[in-house]
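Worksheet: the structure to be examined is printed underneath.
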Amino acid sequence: MVEMVAFSPSPGTYEVRAVDGAVSFARIPDPTDISGDMRYVVTAVTGRNPLELQDPTWLSPLSVELANRQPRRQGNSYPLAFERIAQLFDHPCAPDLCVLHTAAHRPTSHRGEHGSLDVVQSRAPLVAAGPGIARRGLVDGWCRVVDVAPTILSLLGAQPGVGTGPTGQSNGEVRLARQDGRVIFPLLDPATGVPDHVVVVLMDGANANVLYHAAVDGTMPNVGWLVDHGTALAHGAIASLPTVTLANHTSLHTGCHPGHHGVLHNAWFDRATDRQVVTESPATWQESMQWLFSGIETIHESVHRLRPGALTVSINEPADRGSDYSTMELMRRGQVRRLMEGMPDPLPLADERWMAESEEFRWGSLVDASALRQATSIWGGDHLGVKYPLPTFTWVSFSVTDAAFHHGGPHSEIAQAALKDTDARLGQLIAAVDRRGVLDRTTFFLVADHGMEETAEHCPGDWGVALAAAGVAHRDEASGFIYLGGPGTASGPA
Ligand SMILES: [Zn+2]
């Protein structure tokens, strides 16, 4: 079940242990790096170094992933592991121990999982097409999830300015008030213009290798069109740790790692207030932006700073702060029911078999149909009786991909059905932009928040059983954030 555990013995120092070895490393600012990035040095290794391989290009394309399902620790890669582990412990509510599960671990009946440090669970797709984007097709490259917001802002004309950089110190090269990411320059071609409109489509939990393959084999013709007219990074966008939904949606929107933007995980424990914080649940996720640290700027806020008066739209997306239209705002006002009214039955663009066989697929499809209807209505100029000008920035999050990839694993029939349906919804969104006559002035981004890995039937269970049997008093938040000590843990070890 457990690949390794990570902890921070003292500020700026980190240790990662596996059953067959351990590595200690330290973080130091790099004064030679103009962007103000951190540098990491290994200070000790015993046995096998569990973070030996940090290659972001490992296990891609799809054929390589399929030939190496559930790789063992000796054959797995943990991209950018030092940076991704260190940032987590900058958060005042970081756990004592971060448990990183194996590729094979199947904690529930779900066949697909994510959340850990390894490359398949970390790799989200990244495709962009339109003015300002190079037309290079599928290229041999990678980036990080935190790089997406700075790149969009650069595309819209934001110049580097003074803010807080990756070290937490003042920096003259940032486009958001606080920024860990960098502009992905290989994606950009300023000769192709500056877009008037940017539309981002997030396909939650879409395994990058599977999605790129579906774009080529015709399952996702609209994604294929984006790749042909733009650039896709073959090795994807590497998610921040933990590779879970809310932490990385917020990283996409802020350009910061979870330990720096504040939305650390789907749940955590706050020793200072002796309180459990649950961010991702049907009851709480519309309120999750309350956990953003001060000094953090969202992409909606940056777009408004850059283009005063611009309309920004946030559809089915919890990281919505600063947006003019937001589904979550309707939820906060108790008006969300209006978004689900009058849905056609049967639902168009929804796979009949899986609508009948999977409750998760059915719900995800309904939610995504609502997302599409919100997006096409606003782009059509009228939504719920309110008139809208053309949005400068539109974010649409689709969810059935995550539901389907969890249910059957990334290489299943239900996953293919979810990709096909979501691609058709993307096609309708592109058509809505085209109807307003601005397709050639609009740049599209396609991203996900994390990857998804096929787990193994032989690897179920929960490490809590072993911890309890060993007499280790602890609480485990969001599966893997271990806080040592008694039930309250307030008196537990720091
Ligand atoms: Zn997700």
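With a 1.4 Å probe and all protein chains left in place, how much of the accessible area of the chain comes from carbon and sulfur atoms, in whole percent?
Carbon plus sulfur share of accessible area: 54 percent.
Are there trypsin sites (Lys or Arg not before Pro) in the range 134-166 that DSSP marks as loop and that have at most 16 other Cβ atoms within 10 Å, and which are they?
ARG135, ARG136
Can you give the accessible area per residue of the range 353-494, in Å², using a 1.4 Å probe?
On a per-residue basis, 38 Å².
Skipping prolines and chain starts, which residues have an amide H placed within reach, meaning under 5 Å, of the one on LEU311, given they are 5 or more residues away or on another chain?
For LEU311, the qualifying residues are THR392, PHE393.
Specify the longest stretch of the chain that does not include any exposed loop site, a site being one of the GluC sites (Glu not before Pro) with a non-H, G, I, E, B DSSP assignment and at most 13 other Cβ atoms within 10 Å.
Result, exposed sites excluded: 1-340.
May I ask you to evaluate 6.51 cos²θ - 1.76 cosθ + 1.60, the Karplus curve with θ = phi - 60°, for each residue of the range 427-432 and list the ³J(HN,Hα) values in order in whole Hz, giving x for glycine and proline?
Karplus values, whole Hz, x for Gly and Pro: x, 5, 5, 4, 5, 5.
Each residue of the range 51-58 in order: what ³J(HN,Hα) in whole Hz does its phi give by Karplus 6.51 cos²θ - 1.76 cosθ + 1.60, θ = phi - 60°, with x for Gly and Pro?
Computed from phi, the couplings for the range 51-58 are 10, 4, 9, 10, 7, x, 8, 4 Hz.
Taking the solvent-accessible surface of protein heavy atoms with a 1.4 Å probe, what is the per residue accessible area of the range 135-178 in Å²?
40 Å²
Name the trypsin sites (Lys or Arg not before Pro) in the range 240-347 that are in a loop by DSSP and that have at most 10 other C-beta atoms within 10 Å, would you?
Here the sparse-neighbourhood loop sites are ARG333.
Taking amide H positions as placed 1.01 Å from N in the peptide plane, with prolines and chain starts having none, which residues 5 or more places from ALA448, or on another chain, fall under 5 Å of its amide H?
For ALA448, whose amide H was placed from the backbone, the distant partners under 5 Å are MET203.
How much of the DSSP bridge set in the chain is antiparallel, in percent, rounded to the nearest 5?
70 percent
So what is the 222 nm mean residue ellipticity for the chain from helices alone, if each DSSP H run of at least 4 adds -39500 (n - 2.57) and you divide by all residues, rounding to the nearest 500 deg cm²/dmol?
My calculation for the chain gives -8000 deg cm²/dmol from helical runs alone.
Using θ = phi - 60° and the Karplus curve 6.51 cos²θ - 1.76 cosθ + 1.60, what whole-Hz ³J(HN,Hα) does each residue of the range 61-76 get, with Gly and Pro shown as x?
x, 4, 4, 6, 4, 5, 7, 9, 5, 6, x, 7, 4, 5, x, 10
Quick one: which residues, 5+ away or cross-chain, put their amide H under 5 Å from the amide H of ALA473? H built at 1.01 Å from N.
GLY485
The values are calculated or read from the model by the stated rules, or taken from the named source; none is laboratory data. Just so we're clear, the structure is a prediction, and the values are computed from it rather than from any experiment. Reconstructed Cβ throughout: ideal geometry from the backbone, glycine too, with neighbour counts over all protein chains shown. In case anyone asks, the SASA skips ligands and DNA or RNA and just uses the protein heavy atoms, side chains included. Shrake-Rupley method; radii C 1.70, N 1.55, O 1.52, S 1.80 Å.
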